[in-house]
Structures are given as structure tokens and as C-alpha cells.
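**Student:** First, the structure itself, so that you have it in front of you.
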Amino acid sequence: MKKIPYGRQNITKEDISSVVRVLESDWLTQGPSIKIFEDAFANYVSSKYAIAVSNGTAALHLNAMAMGIKPGDKVITTPITFVASANCVRYCGGEVVFADIDPDSYLIDINNVRELLEKDTKGEIKGIIPVNLAGQSVDMEAFRKLADEFGCWIIEDACHSPGGYFENSVGDKIKSGSGKYADLAIFSFHPVKHIAAGEGGMITTNDESLYKKILNLRTHGIQQDYSKRIYNNSVWYYEMQELGFNYRLTDIQAALGNSQLQRADEGLNKRKRIAKMYNEYFKDKNYIKGHSKFVEGHAYHLYIIEVDNRDELLLYLRGKNIFVQAHYIPVHLMPYYRYRGWKENDFPKAENYYSKCMSLPIYPTLKDDEFNYVTETIDNFFLR
Ligand SMILES: Cc1ncc(COP(=O)(O)O)c(C=O)c1O
């Protein structure tokens, strides 16, 4: 059996032709492909605005800047996420406050977030960064209500859930990144994600002023004001208003991302089918201590199981060419965050989850015989 990773990209001939078309055009970057991708992506997630950037981490950084995080400000996120969800707060000099997870959904526990906000009598907590871990959207409506109660903003880390949704209190399907409840949302186009662009990211929002601010920050804080060009009687006049970056996506990446976006729903349905097959397979296995639930709007970037002898199983599977992973090592236990005062047992539910979790192969091109090989190999491990 060839190597089976936990996730992988799916590149088609159409993807390759769209990249080649850009390579043969006049624009490798800052050309028309970016706006085409942004408009199509905004349409896909039902947001008003979308801004393409160089990766998901850059998207988080720009969002943290746009929300005005400054030294002394505190922001809540989950320890069960990729480090970037927390690091964006540190880039701006803010402090990260972690909340424990709900052990059933593996998502940030809104009750724990409320407790933290209630204890914050000085009003130092300015925002919340909920993460749609594995592809399951948090209840963004409930988070919005909570955030409003305490005057906080929300950045939705939707890297795992493009195309995913949750049902709000009146039964509407609210897409990840739609901007209905969160101020800003971010996505990543790393190859293991639903839409691969090599590297890449997207910011979505319904707020015009945030949109304009982030557009400037993406390109060095430079405003392209054509009236000023004439005013200054210069053919190449530009004005830097604030400190920004070069976080642009290239047209090559945008063409790949846009071509992938056209097949996004097809990929989502394949992921859902595999998640259902795992759920069916594991339902009577007593070695399984927990697993991803079947939730309609789940985008299944990851399919997670919990087992007691996780490390042993992980090595066993790798020996059989199945490259599973554990998502994620709790962020507060990273040496960098331990140095800032976090320690073992700070978040017992997150740490217990991490000791058991494993992400199984799930991606649109996973074949049925590969699925059977994965599940049978897990069975063999426990029946040895
Ligand atoms: C939840 C989450 N947030 C942020 C990121 C950062 O995205 P990127 O790798 O594109 O910088 C990732 C990427 O793995 C992620 O999984």
C-alpha cells in the first residue's frame, strides 16, 4: 500500500491549465486573478468582502492589527488549535488568554469563555478568536451575544471550515466566514486544507471600514490615491499612511485557488461521505473513546478519534505507511507560552483530549480500499 497521509491536495488538469494561463500572461502578481478569486470566495462564503493574502497566519496578523490589539490587551482563544491562532495576538504585543474546550465537540467552551469575561473586571479582554476546529463551526450567534455583552470583537478562525456552516436559532444556515456574526474571519490555502494554493489565505468581512483598512495593511499601508498623483504632479506617486506589510498573494496562487474553489462543494461531499463511513465503522468499537460527530454543516478538514494508547497506535500506523497526526499539541504547553506562565493542568479537558486524539486520513481522493486498509489496520492493532 502506498503512503496514506491524513490529508492531501487534489490537483487536476484544469488547475494546472489555470496556473499556466497566468504564467503566460502579463501578470504574475497584482493582476486580475486576485480580484476574481476574492469575488468568487466572498460569494462562496456569503460575505460582502474578501481579501486574498499570502497565508492564513498573515490573515490573522492583519486582522489582529485591524482590531487594534495593543500591549496590555488580552484576547481569548482555544489551546487546541494551530499556534497561529494565538500568535497573532502576540505579534501586536497583546496577551493570549486560553479557555478550555468542550470535550464532546473539541471546540472552545463558551461557558469557560464567559467565566473568563466575568472575572475580567478591568475590561482588559478585548476580543475572542474562536476556531472551527476540524471543520465544525462554533455557534457564532452565541459567541456574538456573549461578545456584545462584554464589548468584545470576534475574529473567526475558519481555516478548517470553508463551505461549512452552523444553524442559528431561527434555523438559518450560517456559513463559516459569512461575517453575519464575526467581525472578521480567516482561511488558509495550505495544501492539506480544502482549497490548496501552495500557500495562501483569505480574510472575509461585512465591514467596509475593516475591509479598506486591511487592503492598505496588505500592501505596506500604502494608499493608491489617484487624485493625489495628479495633485503632486507625479506619474509615480504613492503615500504610506501607516505601517503595513507585503502580505499579497500572487496571481499564480490565486488562479490555483480559484480553480480549486470551483470544486470545493464536490470535495466537501466526499469528505462527508468518508466521515459517515468512519462513524459507521467505529460505532461499536470499544477501543474508541470518542470521535468526530456527524454534524450536517461540518466541513471535515479532520476526522478525529480518541484512543487510550495514542502514541503506540500512531507509530504502529506509520510503520504500515499510514501517516496519521495528532491535532494539536495544546498551544499553552509550547515552550514559548510556558515561558509566559502557562503550565500543565491549566486546561485539563484540552490536555486529556490531546493525550488521546488522532486525525485519520480524510481527503477527496481517498479511495475505498485505502479507507478499508486504514480501518482494518487500526482493528489489527487493538486485536493483536
Ligand atoms: C486553525 C488554523 N489557523 C491558522 C493557520 C495558519 O494558516 P497558514 O498555515 O496558511 O499560515 C492554520 C494552518 O495550519 C490553522 O490550521
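**Student:** Given a cut-off of 30 Å, name the pairs among LYS270/LYS343; LYS119/LYS289; LYS175/LYS293; LYS119/LYS180; LYS126/LYS173; LYS175/LYS213 whose C-alpha atoms lie farther apart than that in the structure shown. Display every interim value, and only then the final one.
**Tutor:** Values: LYS270/LYS343 40 Å; LYS119/LYS289 34 Å; LYS175/LYS293 19 Å; LYS119/LYS180 28 Å; LYS126/LYS173 28 Å; LYS175/LYS213 24 Å.
Among LYS270/LYS343; LYS119/LYS289; LYS175/LYS293; LYS119/LYS180; LYS126/LYS173; LYS175/LYS213, the Cα-Cα distance tops 30 Å for LYS270/LYS343; LYS119/LYS289.
**Student:** Run through every distinct alpha carbon pair of the stretch 1-124 and return the Kirkwood hydrodynamic radius in angstroms, one decimal place. Before the final figure, lay out each step's value.
**Tutor:** Values: mean 1/r = 0.0549 Å⁻¹.
Kirkwood hydrodynamic radius for the stretch 1-124: 18.2 Å.
**Student:** Quick one: in the stretch 282-347, what % of C-alpha pairs are over 16 Å apart?
**Tutor:** Values: 1376 of 2145 pairs.
In whole percent, the long-distance tail amounts to 64.
**Student:** May I ask for the angle, rounded to the nearest 10°, between helix 56-66 and the longest principal axis of the chain, with both axes built from Cα atoms and the value confined to 0 to 90°?
**Tutor:** Around 50 degrees separate the two axes.
**Student:** Any idea how far apart SER169 and ARG384 come out in nm if each label point goes 7 Å out from Cα toward Cβ?
**Tutor:** 5.2
**Student:** Under the rule of at least 5 residues apart or a separate chain, name every residue whose amide H is placed under 5 Å from the amide H of SER137.
**Tutor:** The answer is TYR165, ALA299.
**Student:** What ranking of LYS2, LYS276 emerges when the number of other C-beta atoms within 10 Å of each C-beta is taken as an exposure proxy, fewest first? List each step's numbers first, then the result.
**Tutor:** On the way: LYS2 5, LYS276 12.
By the 10 Å Cβ count, ascending, the order reads LYS2, LYS276.
**Student:** Continuing with the same structure: Pairing the Cα long axis of helix 110-119 with the longest principal axis of the chain, what angle in degrees results, from 0 to 90 and rounded to the nearest 10?
**Tutor:** Approximately 60 degrees, to the nearest ten.
**Student:** Let me ask something else. Taking neighbour counts of Cβ atoms within 10 Å as a proxy for exposure, in what order, fewest first, do GLU141, GLU124, GLU156, GLU280 appear?
**Tutor:** Details: GLU141 17, GLU124 13, GLU156 29, GLU280 10.
By the 10 Å Cβ count, ascending, the order reads GLU280, GLU124, GLU141, GLU156.
**Student:** For the stretch 271-384, just say rounded, prolate or oblate: build the C-alpha gyration tensor, square-root its eigenvalues into a ≥ b ≥ c, call rounded for a/c under 1.5, and beyond that prolate if a/b exceeds b/c, oblate if not. Display every interim value, and only then the final one.
**Tutor:** Details: a/c = 2.00, a/b = 1.62, b/c = 1.23.
Prolate shape, in that a/c is at least 1.5 and a/b is the bigger ratio.
**Student:** If a/c stays under 1.5 just call it rounded; otherwise compare a/b with b/c (prolate if a/b is bigger, oblate if not). Do that for the chain, with a ≥ b ≥ c from the square roots of the Cα gyration tensor eigenvalues.
**Tutor:** The shape class here is oblate.
**Student:** Then there's this: For the chain, what is the relative contact order in percent, using Cα pairs closer than 8 Å and at least 6 residues apart in sequence?
**Tutor:** Once divided by the residue count of the chain, the mean separation gives 23 percent.
**Student:** Can you sort TYR211, TYR353 so the residue with the fewest Cβ neighbours within 10 Å comes first?
**Tutor:** Numbers: TYR211 20, TYR353 23.
The fewest-first ordering by Cβ neighbours comes to TYR211, TYR353.
**Student:** Between 0 and 90 degrees, rounded to the nearest ten: what's the tilt of helix 32-45 against the longest Cα principal axis of the chain?
**Tutor:** Once rounded, one gets 50 degrees.
**Student:** Could you check what % of the DSSP bridge pairs in the chain are antiparallel, to the nearest 5?
**Tutor:** If I count the DSSP bridges inside the chain, around 60 percent turn out antiparallel.
**Student:** In terms of Cα to Cα distance under 22 Å, which lysines are near enough to LYS320, apart from those fewer than 8 places away along the same chain?
**Tutor:** Cross-link targets: LYS2, LYS3, LYS285, LYS356, LYS367.
**Student:** Along the stretch 283-289, what does the Karplus equation 6.51 cos²θ - 1.76 cosθ + 1.60 (θ = phi - 60°) give for ³J(HN,Hα), rounded to whole Hz, x for Gly and Pro?
**Tutor:** Residue by residue, the stretch 283-289 yields 4, 10, 8, 7, 6, 8, 9 Hz.
Each reported figure results from applying straightforward, stated rules to the coordinates on display, with no laboratory input. For clarity, every value in this text was computed on a predicted model and none was experimentally measured. Counting neighbours? That spans all protein chains shown, and the Cβs are built from the backbone with ideal geometry, glycine included.
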